[in-house]
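See below for the structure under consideration.
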Amino acid sequence: MKNSDRIELMAPAGNFESLQAAITNGADSVFFGVDQLNMRARASINFTIEDLPEITKRCEERKIRTYLTLNTIIYDHDLSIIKTLLDAAKVAGITAVIAMDQAVISYARQIDMEVHISTQINITNIETVKFYALFADTMVMSRELSLRQVKKITEQVEKEQIKGPSGKLVEIEIFGHGALCMAVSGKCYLSLHSHNSSANRGACKQNCRKKYTVIDQETGFEIELDNEYMMSPEDLCTLDFLDQVIDTGIKVLKIEGRGRAPEYVAKVIKTYREAIDAYYDGSFSKEKVKNWMTELEKVYNRGFWSGYYLGQKLGEWSDIDGSKATQKKVYIGKGMHYFPKSKIAEFKIEAFDLTIGDTILITGPTTGVEEFELTEMLVNDKKLEKARKGDSCTIPVDFRIRMSDKLYKIVKNNP
Amino acid sequence: MIVVTLQRKKCIGCNYCVELAPLQFQMSKKDGKAVLIRGIEKKGFYTIKSPDETIHEVCDLAAKACPTKIISVKIV
Ligand code: SF4
């Protein structure tokens, strides 16, 4: 639940597993896409319109705000589906829509739905904030601003009392963690030109994440690059200067990653939750930051940098294809049964093996993400140290597991 | 005979196919995805069979342009 003097921690949710992980690990709000009209159109991970009531049901119980992302370019043929979607969102009790196109903003206002302005609009100055305040209560600033610039904007909002349709001061939001775009967000056409696949219709092919060589056509000489991933930015991470981030006066911190795995959402949200709470109770320290960073490095990342927020350096490029995560998950088996009285979960081992002392991960659409160390188990009803493929094993756990749950073990990743 | 298939569910509604083959594709106002005109549905795949071989070229262009690669064109 959002405590109004604290910043809001906004989590990405690509599916029910991630949604549950966000809820359990302390998100104040979640954002998600439905069908194709959002920045992850290609992903098979989007929710459908029928999922909306279930999303609000799960979130309302914990007073978590829900934001529907509807932020692609909109064509005439989309006009009716956006109305259908927004109407359904309104009925389901979704808190707000994250929008870019004026058609979406306009219809949302007509049905009195709260509007948030998407990063696709790239707000970089106070006059633009004033303009969008006519329609929106929250707006995310361009990822290319420095914290100093963000602070000026939040101060101005306060000073000029810039209010949104709700009558409250508009809330300024920034990205806190996750992938960065090599172009100004929403203005990249690489994928469109190379694959007919428009990033601005949510179908980015991630050209910037690939290796390139540069050849002088005249001489045929290849220009030497010290990094062939010449346009793949490292991931944004603001955790180590979160105190400065909060001091800018922002109200919402958004975590990117609707395409990431549920354990990513769990880990990143849990870490930022702790860090934000530590800031407010005065215990934010270098020592803690060190531990939190180690935690963050365990899940998907292309290396971290501070983005443009600290304003000093340009372009920190990733030097790998994919992740630098220090650990990964390996599929072991699936959930079979839960005995609620004895609090025992039964799993069928379908691959590899499981040993006492392993860190295990259980994920599922209702369970979300649970990670813990395996301290005891029964294998085919006998107390054993190791369970192998084909075995049935039972583990004491104090939460319900389901048939749809998957069991993984966490191993070191040696990229 | 030309056989054109559209796997509709994965469409992102970018409109490319309609630009290239406007007599075979149109955008649905209902869900914003492409419709293969007169396509017959089977398990999410919409198919037309046409004796008119002149449609091959445009449908092939649409298939190549489609960013999600859900259009296929065959001569049988
Ligand atoms: S080109 Fe492909 S993705 Fe685009 S509208 Fe046509 S079928 Fe859909």
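Read-outs throughout are calculated quantities, based only on the coordinates presented, and are distinct from any laboratory measurement. This one's a predicted model, so the numbers in the text were calculated from it and none came from an experiment. Using ideal geometry, Cβ is built from the backbone for each residue, glycine included, and neighbour counts are taken over all protein chains shown.
Does anything in the range A:372-386 have its amide N under 19 Å from the 7 Å Cα→Cβ label point of A:THR294, and if so which residues?
Flagged as within label range: A:372-374.
Report the Cα-based extents of the range A:103-254 along its three principal axes, largest first, to the nearest Å.
Sorted from largest, the Cα extents of the range A:103-254 read 63, 37, 23 Å.
Using helices alone, what [θ] at 222 nm do you get for the protein assembly as shown, with -39,500 (n - 2.57) per DSSP H run of 4 or more residues, divided over all residues and rounded to the nearest 500? Walk me through the numbers on the way to the answer.
Numbers: 12 runs with 121 residues, N = 491.
Calculated from helices alone, the mean residue ellipticity at 222 nm is -7500 deg cm²/dmol.
Of A:PRO53, A:VAL34, A:ALA203, which is farthest on the positive side of the dipole of chain A, counting Cα position, with +1 on Lys and Arg Cβ, -1 on Asp and Glu Cβ, and the Cα centre as origin?
Checking the options against the dipole of chain A, the answer is A:PRO53.
Averaging sequence separations of C-alpha pairs under 8 Å and six or more residues apart, then dividing by the length of the range B:2-75, give the relative contact order as a whole percent. Write out the running numbers ahead of the final one.
Values: 132 pairs, mean separation 33.8, N = 74.
In percent, rounded to a whole number, it is 46.
Which of A:GLN20, A:GLN120, A:GLN161 moves most in a GNM of chain A, Cα contacts under 10 Å?
A:GLN161
With +1 on each Lys and Arg Cβ and -1 on each Asp and Glu Cβ, and nothing else charged, work out how big the dipole of chain A is about its Cα centre, in Debye to the nearest 20.
760 debye
Highest first, please rank the peptides A:132-143, A:163-174 by the mean number of other Cβ atoms sitting within 10 Å of their residues. Intermediate values should be presented prior to the final figure.
Numbers: A:132-143: 21.9, A:163-174: 18.1.
For the peptides A:132-143, A:163-174, the packing ranking is A:132-143, A:163-174.
Suppose R0 equals 22 Å; then what is the FRET efficiency for A:ASP5 and A:LYS159 from their Cβ-Cβ distance, rounded to the nearest 0.05?
Working: r = 19 Å, r/R0 = 0.87.
That pair, A:ASP5 with A:LYS159, gives E of 0.70.
With viscosity set to 0.692 mPa s at 37 °C, what whole-number translational diffusion coefficient in µm²/s follows for the range A:327-412 from Stokes-Einstein and a Kirkwood radius over Cα pairs? Mind showing how you got there, number by number?
Working: Rh = 12.5 Å.
Value of D from the Cα-based Kirkwood radius: 263 µm²/s.
Other chains near B:13-21: what is the mean number of their Cβ atoms within 10 Å of each residue's Cβ?
Numbers: counts 12, 13, 6, 3, 0, 1, 0, 0, 0.
Across the residues of B:13-21, the mean count of other-chain Cβ atoms within 10 Å is 4.
Only Cα pairs under 8 Å and at least 6 apart count here; give the relative contact order of chain A as a rounded whole percent. Walk me through the intermediate numbers first.
Numbers: 894 pairs, mean separation 66.8, N = 415.
16 percent.
Quick check of the Kirkwood formula: for chain A, what is the inverse mean of 1/r over all pairs of different Cα atoms, in Å?
On the way: mean 1/r = 0.0438 Å⁻¹.
Answer for chain A: a Kirkwood hydrodynamic radius of 22.8 Å.
Taking every residue in A:76-83, how many Cβ atoms of other protein chains lie within 10 Å of its Cβ, on average? Numbers along the way, then the final one.
On the way: counts 4, 12, 7, 2, 5, 7, 1, 0.
Going residue by residue through A:76-83 and averaging, the value is 5.
Charges at C-beta only: +1 for Lys and Arg, -1 for Asp and Glu. How large is the resulting dipole of the range A:327-412 about its Cα centre, in Debye rounded to 20?
Values: 16 positive and 13 negative charges, 43 e Å.
Roughly 200 debye, rounded to the nearest 20.
Helix B:55-65 versus the longest principal axis of chain B: what is the Cα-based angle in degrees, 0 to 90, to the nearest 10?
Once rounded, the angle reads 40 degrees.
Taking the Cα atoms of chain B, report the difference between the largest and smallest coordinate on each principal axis, in whole Å and largest first.
Cα extents, longest axis first: 30, 25, 18 Å.
What do you get for the angle between helix A:262-280 and the principal long axis of chain A? Use alpha-carbon atoms, 0 to 90 degrees, nearest ten.
70 degrees
Which value, in debye to the nearest 20, describes the size of the charge dipole of the range A:88-142 about its Cα centre when Lys and Arg Cβ atoms bear +1, Asp and Glu Cβ atoms bear -1, and nothing else is charged?
Working: 3 positive and 5 negative charges, 8 e Å.
That gives a dipole near 40 debye.
Per-residue mean of other chain beta-carbon atoms within 10 angstrom of the beta-carbon, peptide A:108-117?
On the way: counts 0, 0, 0, 0, 0, 0, 0, 0, 0, 0.
Partner Cβ neighbours, averaged per residue: 0.
Distance between the C-alpha centers of the range A:135-170 and the range B:2-72? Whole Å please.
Here the two parts' Cα centres lie 44 Å apart.
Which residue, A:ALA89, B:TYR46, A:LEU145, has the largest displacement toward the positive end of the dipole of the protein assembly as shown when charges sit on each Cβ (Lys, Arg +1; Asp, Glu -1)?
B:TYR46
Given the pairs A:LYS211/B:LYS29; A:LYS406/B:LYS9; A:LYS151/A:LYS270, which are separated by over 31 angstrom at their Cα positions?
On the way: A:LYS211/B:LYS29 40 Å; A:LYS406/B:LYS9 26 Å; A:LYS151/A:LYS270 26 Å.
Correct reply: A:LYS211/B:LYS29.
In whole Å, what three semi-axes, largest first, describe the equivalent ellipsoid of the range A:228-314 built from its Cα gyration tensor (square root of 5 times each eigenvalue)?
On the way: eigenvalues 90, 57, 32 Å².
The three semi-axes for the range A:228-314 are 21, 17, 13 Å.
On C-alpha positions alone, give me the angle between the axis of helix A:79-92 and the longest principal axis of chain A, in degrees, nearest 10.
Long axis of A:79-92 versus the principal axis of chain A: about 60 degrees.
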